[in-house]
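The values are calculated or read from the model by the stated rules, or taken from the named source; none is laboratory data. All values derive from a computational prediction rather than experimental measurement. Every residue, glycine as well, gets a Cβ built from its backbone with ideal geometry; the counts of neighbours run over all protein chains shown. Surface accessibility is based on the protein's heavy atoms, side chains included, excluding ligands, DNA and RNA. Shrake-Rupley method; radii C 1.70, N 1.55, O 1.52, S 1.80 Å.
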Amino acid sequence: MKGLLIKDLRIVFRRKQHLLILLGFFALIAFTADGSFIIGYAAGLTGIMGLSTLAFDEQDNGFPFLFSLPVDVKTYVNEKYLFCILLDIVGAAVGTALFALACVTKGSMEMLPDGIVYLALYLPATLLLILSILPVQMMFGREKSRIITMIVYGILFVVSALIVKLVGPVDRIKAPRNLPDWLANPFFLAACVLALLFAGCLAMYFICLKVMKNKEY
Amino acid sequence: MIEIEHFVKDYQDFHLEISMCIPDNKVVGIIGRNGCGKSTTIKAILGLIRPTSGSVRVFGKETRMLQPRDKERIGAALSDSMFSSQLTVEDIIAVLRAMYRDFDEPFFREMCGKLALPLKKQLKDFSTGMKVKVKVLTAISHKAALLILDEPTSGLDVEARTEIIRTIKDYVASNDCSVLITSHISSDLEGLCDEFYLFAGGRILLHETEENIGNRYGTVQIPFELFDSIDRSLVSSCKKETFGFACVINDKESFAANYPELKVKPANIDDLILLLGGDEG
């Protein structure tokens, strides 16, 4: 695992120019755009950099050699998960720091607490996004997975837009009157969302593992 | 070290069916033309593909049961696969240091110097020869008990090939290890291997020691008018040519005694590839 993490970190840091441009772009967004968009954006894009290491492993038919090293499929999948999660967290932290810096320099200190709320919202959302792409990329490879991901997320977007059009914006939906108090409790709902998220990530992990174990290299 | 029993692998357009054994402390070469099943055999030994039937055992274990600790005892250089081209040799050293308990970093760095490999250049900027040197160096730098080298000299100029072969020979001379090496350039393997397997069309056509190939096998050109009078049990393979038949004979001394009018030449591996596996594309 340690060797694989070193490999991926070195691949990421070999692209220094790319990293600097990305950081500059994040700063530009943080200081020019309103709100906390930068937190989710930085987390998402940095997480995708984690995914790109999978593409580099796949490039030039790298998997046969990789699995001739003292690495088994489970360790490889675990490492990719860990690496993507770590990069997503680092991206979210960079985004939050830039958001806070922008708030301080713009004199809008009252927005600072919002950053924490947005971080709590964006981090799981971007994690789910990254970890949902991971098994698709492992199963279909870099090129095909791009198309499949775009199609799946396109369908999700259209379905969500249709639902909103049919039932109206979420903040205008009224909960049924006969709901028990515990069910309408926002903490309970948040816990349910987190539990679903965790279950989704866990399911994706097992899909990844199965896909990689069934593959021939 | 490696036991392959009735291994069968079926692809849509290719069928490989082999049984072979690589003993401890022996250097075994697989020779044959491109597409004869050499790389598929290597992949099967490394557990990268699943057999359609049969078994492959390495260190006494089925390949799918090999643990990372077992794989630390294997050094592999594959023909068409290596570390990401984004990495430098310095990065590879860091990765190998973390992966292998017995990684010999001073040896690796010393060999990089000897083989003129730049440490800070990305692999994508390396020549084919330099990439092969990195692959072989990676395989031999952690005291592996089993070296698996798939076409380590393919696409190299004579100088680079000689350097690679010398590096492998030096490793074999100073370590207790078994080596399985494949090549379609037989001259690279002469003087290096104890035994040879000749592959053609997904089958093993011949398994011999290097000594036996020189001592037993010969080539002879038989004119058409004499061909019918030749004892076929002495002939392994024949190819029709303009003057008559070019044949591989499996007992050159008996043949020479029975047919003194025909000139028998000692066979080398290339003769065997050409004449035994000659009809393969």
Practice task
With the condition kept exactly as written, say whether any residue in region B:110-132 is more than 13 Å from chain A (Cβ to nearest Cβ), open to solvent by less than 50 Å² (accessible area, probe 1.4 Å) and closer than 15 Å to B:V179 by Cα.
Solution key: no
Going through (1) touching a Cys at 6+ places or on another chain (Cβ under 6 Å); (2) open to solvent by 40 Å² or more (accessible area, probe 1.4 Å) one by one, B:K43 fails only at (1)
Given the criteria in a loop (DSSP other than H, G, I, E, B) and of a type in the set (V, I, T), does B:I230 qualify? yes
Counting only residues in region A:47-62 that are in contact (Cβ under 8 Å) with a residue 24 or more places away in the chain and open to solvent by less than 20 Å² (accessible area, probe 1.4 Å), the one farthest from the other protein chains (Cβ to nearest Cβ) is identified as A:G47
Checked against (1) modelled with pLDDT of 90 or more; (2) buried (at least 18 other Cβ atoms within 10 Å of the Cβ), B:D188 satisfies every condition except (1)
Scan region A:23-34 and tell me whether some residue there is small (G, A, S), closer than 22 Å to A:G107 by Cα, in contact (Cβ under 8 Å) with a residue 40 or more places away in the chain and outside any helix (DSSP H, G or I). no
Within region B:55-81, the count of residues that are of a type in the set (S, T, Y) and farther than 18 Å from B:I30 by Cβ comes to 1
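Could you pull out the residue among A:L127, A:L86 that is open to solvent by 60 Å² or more (accessible area, probe 1.4 Å), of a type in the set (A, V, I, L, M), closer than 30 Å to B:A98 by Cα and at pLDDT 85 or above?
A:L86
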**Test: residue in region B:157-169 that is β-branched (V, I, T) and either touching a Lys or Arg at 6+ places or on another chain (Cβ under 9 Å) or within 14 Å of chain A (Cβ to nearest Cβ) (or both)** = yes
*part of a helix (DSSP H, G or I) and either in contact (Cβ under 8 Å) with a residue 40 or more places away in the chain or in contact with a Pro (Cβ under 9 Å, 6 or more places away or on another chain) (or both), is that true of A:L20?*
no
Condition set more than 7 Å from every other protein chain (Cβ to nearest Cβ) and farther than 17 Å from A:P64 by Cα, scope region B:80-99, selection surrounded by the fewest Cβ atoms within 10 Å (Cβ to Cβ): answer is B:E90
Return a yes/no flag: does region A:71-79 have any residue that is within 14 Å of another protein chain (Cβ to nearest Cβ) and either in contact with a strand residue (DSSP E or B) (Cβ under 7 Å, 6 or more places away or on another chain) or hydroxyl-bearing (S, T, Y) (or both). yes
Considering residues that are over 28 Å from B:R101 (Cβ atoms) and of a type outside the set (K, R), the number found within region B:121-144 is 4
Reported set for region B:53-79 where residues are surrounded by 13 or more Cβ atoms within 10 Å (Cβ to Cβ), of a type outside the set (K, R) and either at the interface with another protein chain (Cβ under 10 Å from one of its Cβ atoms) or in a loop (DSSP other than H, G, I, E, B) (or both) is B:F59, B:L66, B:P68, B:D70, B:E72, B:I74, B:G75, B:A76, B:A77, B:L78, B:S79
Among the residues of region B:220-227, is any within 27 Å of B:A44 (Cβ to Cβ), touching a residue at least 12 places away in the same chain (Cβ under 8 Å), in contact with a strand residue (DSSP E or B) (Cβ under 7 Å, 6 or more places away or on another chain) and surrounded by fewer than 20 Cβ atoms within 10 Å (Cβ to Cβ)? no
